[in-house]
Amino acid sequence: RLFGGLLLAANNFILKSHWTDKVSDYLTCWHDHVIKVTDCVDAMGISKNHGPWTTDYKTMDAESVEVRMLVRVLFVVAVATLARAQFTSPAQPVGRNLDPPVPTLCSQRVIHERFNGKGYFFSWKDPRTANTEEDWLGGRNYCRQRCMDLVSLETSAENEFIKRKIVEGKPTGHFPGAATRRHSVRIIGRGTSRRQGQEASCTVRVRAVATRARIYLKTINILALPLMLLDSNVKYIWTSGRLCDFKGCDRPDLQPLNINGWFWTAELKKLAPTNNRVQNDWSHTGGLNRPQPDNREPQQGGAPENCLAVLNNFYQDGVHWHDVACHHRKPFVCEESDSLLKYVRFTNPNLRV
């Protein structure tokens, strides 16, 4: 409530000043992007430059020194308020909002590999998420709670790194059903009768059952080898790529949206125009045999394809980018977020993150 009051007071002050349009827009953008509590964002925050194969193109829309100073002051006050609320406010139910980082989860985040100084989490490599698929927002929230975000393929090298991991797929040395069956055998093996006279015969019977079970499991694992190899395939993953389809997307530099309106949500950086095939990795084909992005599903009665996924030879086209409706469930890759890590470290100085 205090944080909301501060924003309201600041906004009322600004409305009376000559900074009205610029700063009120910037505060809205700041609330959406720095705090990031909603699924939608203001397109004003998206950099007007693009990648994905370059990295030095951050811009700031508030141009005057006075505006910058005001925003910095508000930011410090808000961070202090949020730091206190972090440990005093009750946990809020998870909805369809963009989740803030959770300090304890950030400190316990799992890093499978590092590339160019950043850590990456692959959902199919962690036993807790190996059989879990999320929609686009669900994937972002899982990552963001851990001071990460869905991967942004900003450079050719990073793009090729992620594609190699997709092709490598899941570990194949373990059949998912085997552990459950072995666990059951161990439980049976510990069972004995309470009556002294029946204990020996009962133990012999259990050992026989366990022996037969081990033979059965070996047979199952051999027969399941083709299934294990099939299960190792990673068909697709989510990235943070998104089509601008919310407030501010009528910006001239984003038109037409299907060409200039794609951006990395985790970094607020535009992708190169979709018709520039040198600086992106869109596939040459898809469900309609057209170059990507083709927004296929609405043409077939479905939802808009506003999210960017990497598909693994799904249309016999190799490993490339495709536009996909955001409600589909897929494995995902998380990439460490510098901004979220800095925020949690600042607000939790005694926590090792």
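Observations, loosely collected:
- Computed over the range 291-353: relative contact order in percent, which uses C-alpha pairs under 8 Å that are six or more apart: 24
- Total formal charge among the other residues, if their Cβ is under 11 angstrom from that of Lys330, Lys/Arg +1 and Asp/Glu -1: -1
- In Å², nearest 10: area of Ser107 left accessible to a 1.4 Å probe: 50
- Other residues within the sphere of radius under 15 Å centred on the Cβ of Pro291, judged by their own Cβ, net out at -2 (K and R +1, D and E -1).
- Cross-link pairs Lys48/Lys165; Lys247/Lys270; Lys247/Lys330 - those with Cα-Cα distance over 25 Å: Lys48/Lys165; Lys247/Lys330
- Probe 1.4 Å - accessible area at Thr285, Å² to nearest ten: 20
The values are calculated or read from the model by the stated rules, or taken from the named source; none is laboratory data. It should be emphasised that the depicted structure is a prediction, and the values quoted were computed from it without experimental measurement. Heads up, the Cβs are rebuilt from the backbone with ideal geometry, glycines too, and the neighbour counts pull from every protein chain shown. Areas reflect the complete protein model, heavy atoms only, side chains present, ligands, DNA and RNA absent. Shrake-Rupley method; radii C 1.70, N 1.55, O 1.52, S 1.80 Å.
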